[in-house]
Amino acid sequence: MELIKEHPILEYKHGKEVVFTLDGKELKGYAGEPIAMALHANGVHIYRITPEMKRPRGFFCAIGKCSSCFMVVDGVPNVRTCVTPLEAGMKVETQHGKGLVPLEAQ
């Protein structure tokens with residue numbers, strides 16, 4: 001994992017280490033940190049693919065104001081991962097398009 005462990009001014013306190021999945025692959029992060037932080041620490045930089053132009057998007061504003069970090073989390077599309085706390089066992093998926101849930105899954 002790529003984590004900042006020391007900083008000259010800030011102190012970092014991590015929660016309990018937890019396991020979650022991204023597109024079926026098991027990853028580790030810390031409970032309570034934003035999902036996007038855990039993804040970034042694991043080297044993941046693409047969170048969704050835009051609907052029209054099919055362009056990759058990832059971590060951008062980090063304050064929940066844009067849509068770059070939208071992902072499907074535990075079956076819910078359009079979750080802002082930069083402000084959503086990580087929990088053990090979360091199922092995170094790369095979001096393709098607008099993140100609409102297929103009718104057969106409703």
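The values are calculated or read from the model by the stated rules, or taken from the named source; none is laboratory data. Nothing here was measured: the structure is a model prediction, and the numbers come from that model. Reconstructed Cβ throughout: ideal geometry from the backbone, glycine too, with neighbour counts over all protein chains shown. Accessible surface areas use protein heavy atoms only, side chains included; no ligands, DNA or RNA. Shrake-Rupley method; radii C 1.70, N 1.55, O 1.52, S 1.80 Å.
Once the piece of chain linking K25 and K65 is laid out straight, how much longer is it, given 0.36 nm per residue of separation minus the C-alpha distance between them?
My answer for the length gained is 11.6 nm.
Quick query: amide H of Y30 versus all other amide H atoms, modeled in the peptide plane; which residues come in under 5 Å with a sequence gap of 5 or more or a different chain?
The list, which skips near neighbours in sequence, is V18.
Taking 22 Å as R0, compute the FRET efficiency from the Cβ-Cβ separation of A88 and L10 and round it to 0.05.
0.30
Considering only G89, P77, L22, whose Cα is most displaced toward the positive end of the charge dipole of the range 17-96, charges sitting on Cβ of Lys, Arg (+1) and Asp, Glu (-1)?
P77
What label, among (i) 48, 26, 20; (ii) 73, 21, 18; (iii) 69, 46, 29, belongs to Cα extents along the principal axes in Å computed from the structure on display?
From the options (i) 48, 26, 20; (ii) 73, 21, 18; (iii) 69, 46, 29, the structure gives (i).
Once fully extended, how much extra length lies between N78 and I49, figured as 0.36 nm per residue of separation less the alpha-carbon to alpha-carbon distance?
Details: separation 29, 0.36 × 29 = 10.44 nm, distance 1.18 nm.
Here the answer is 9.3 nm.
Can you pull out the chymotrypsin sites (Phe, Trp or Tyr not before Pro) in the range 1-79 that DSSP calls coil and that have at most 12 other Cβ atoms within 10 Å?
Y12
Tell me what the chain gives for mean residue ellipticity at 222 nm when only DSSP H runs of n ≥ 4 count, each as -39,500 (n - 2.57), the sum divided by the residue total, rounded to 500 deg cm²/dmol.
-1500 deg cm²/dmol
Using the Karplus curve 6.51 cos²θ - 1.76 cosθ + 1.60 with θ = phi - 60°, work out ³J(HN,Hα) for each residue of the range 48-60 in order, rounded to whole Hz, and write x for Gly and Pro.
For the range 48-60, the Karplus-derived couplings read 8, 10, 5, x, 7, 8, 6, 9, x, 10, x, 4, 9 Hz, x marking Gly and Pro.
Could you tell me what percent of the accessible area of the chain is made up of carbon and sulfur, with a 1.4 Å probe and every protein chain present?
Result for the chain: 55 percent of the exposed heavy-atom area is carbon or sulfur.
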